[in-house]
Amino acid sequence: MLTNCQINNFKIFSTVGSGAYGLVLHVVDIITHQEYAIKAILKSSSQPYPVDSLQNEIKKLFDFYQGRIILPSIDLDSILQLSEEQILKVPHYKEIVMQLRVHDHENIVTIHQVLESNAVTFIVMDYHQTDLFTSIVEQQHFTRNGNLIKKVFLQLCSALQYCHENNVYHGDIKPENLLLDSNDNLYLCDFGLATSSKNLVPNVCIGSSYYMSPERILSNNDTSIFPNDKSDIWSLGVILINLTCIRNPWLKAHRVEDKTFHYFIEDPAVLKRILPISDALFNLLCQILKLNPYNRIDINQLKSEVSELTSFVNEGPLSNVPKESKNSICSSYSEDQYLHPNAIAYDCHSIQQDLRGKLFNITTDSSFDSSAPTAVASPELAPHINPTPAMINVAHDWY
């Protein structure tokens, strides 16, 4: 519908992604022949809206100008200077401000221009044709290369650490929001749910359920204070399982609504029965997936632990992964003092007390949720005793 239309000097090749908060176009600069991604956001609302509404607005715009529109570019520094009060008047700019604060990091997608029409804002960014979901599930790109897993995961940690240091909390870490270039470098994108608030906002439960922390899922009608950075850490743990096992551990980190998560709370060793993970990875996951967010491992420790791992799974190529220096794995690895603490054992009783009654008592079943779909199987990995949720592309909402 929009192919060959033109925005300034950008010619549209195709639509590469869409979701509740935007439409992403693959474009080429007709002068430099450089490829870019342009994310289009409807200006009338900061709430989710039908993709058809946005596509219709863009189509009307191109129809009126006969397929080519010329739009003014907004100065990026002026956007960064917007106050909280000003952002409230133009809420669709919040995403742009969040990304601009951190887009100078080498593992975060760069914003090059912001173009304005009366109805739609167009954000011109770097283009990368592959996301992590496609690379893991469809291309099986990580099944034989433990060092590659370390590389992309540590790049993600570096990007996320930079965000947190600049008071940007992503809130929607998932494989669809992680892009890869031809050299397997990772780039964090889609800051549509990002916030500068250090703590979770009560009564707001948004994100992708597979990757949301339990405190984010159970934030409704709760006055407890939970840190946003630790919620992002939880998501990193699920991403690490994705990379090493091509699976999700559960559908939702909710004790009542997800039986597998319920059993995990009762006995964390469940992970070793439903996933082919090594003892070393299990011990690390126990530090990441702590129910009390204040007790979760911090990013510096997490980077150190991952770099020191010598196995991810029990059998196959990922069962023997050499230790690597931080510089050889990830060029953006910071020069911190690294520690290698012993794995901290899970204390199930204290865990249940940590969220002060939010984990409701339910009858323990004798089997895992039979409704959970069978996972995508990697031939190199040992078969699982129990089914675990397959990785499902919840929304190809790139950028």
Q: Compute the separation of the alpha-carbon centres of region 58-88 and region 89-103 and state it in Å as a whole number.
A: 13
Q) Separation of region 281-297 and region 221-266 by C-alpha centroid, Å? A) 10
Q. How large is ³J(HN,Hα) for each residue in region 186-194, as worked out from phi by the Karplus curve 6.51 cos²θ - 1.76 cosθ + 1.60 (θ = phi - 60°), to whole Hz, x for Gly and Pro?
A. 9, 9, 7, 9, 6, 9, x, 10, 5
Q) Using the count of nearby Cβ atoms within 10 Å as a rough guide to exposure, how do LEU2, LEU132 rank from fewest to most? A) LEU2, LEU132
Q. Can you sort CYS163, CYS157 by how many other beta carbons sit within 10 Å, fewest first?
A. CYS163, CYS157
Q | J(HN,Hα) series, region 169-184, from Karplus relation 6.51 cos²θ - 1.76 cosθ + 1.60, nearest Hz, glycine and proline x | A | 10, 5, x, 8, 6, 7, x, 5, 9, 10, 9, 10, 9, 5, 9, 6
(Q) Can you work out the Karplus-derived ³J(HN,Hα) for every residue in region 117-134? Use 6.51 cos²θ - 1.76 cosθ + 1.60 with θ = phi - 60°, whole Hz, and x for glycine or proline. (A) 10, 5, 10, 10, 9, 10, 10, 8, 9, 4, 10, 9, 7, 10, 10, 5, 4, 4
Q: Scan around GLN34 for amide H atoms under 5 Å from its own, H built in the peptide plane at 1.01 Å from N, and keep only partners 5 or more places away or cross-chain.
A: ASP29
**Q.** Above-threshold pairs, the threshold being 21 Å between Cα atoms, out of LYS174/LYS252; LYS174/LYS230; LYS43/LYS174; LYS43/LYS198
**A.** LYS43/LYS174; LYS43/LYS198
Q.
Taking amide H atoms as placed 1.01 Å from N in the peptide plane, list the residues 5 or more away in sequence, or in a different chain, whose amide H sits under 5 Å from that of VAL120.
A. LYS43
Q.
Between ASN147 and ARG68, what is the label-point separation in nm under the 7 Å Cα-to-beta-carbon projection?
A. 5.0
Q | Other-chain or far-sequence residues with amide H under 5 Å of CYS5's (modelled H) | A | ILE12
Q | Footprinting exposure proxy for GLU116, GLU85 (fewest neighbouring C-beta atoms within 10 Å first) | A | GLU85, GLU116
Q: Check the straight Cα-Cα distances from LYS323 and name the lysines below 19 Å, setting aside those fewer than 8 residues away within the same chain.
A: LYS150, LYS151, LYS303
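Rule-based calculations on the coordinates, nothing more; no lab input. In this text the structure is predicted, and so the values were computed from the model without any measurement. Here the Cβ is made from the backbone with ideal geometry for all residues, glycine too, and neighbour counts use every protein chain on show.
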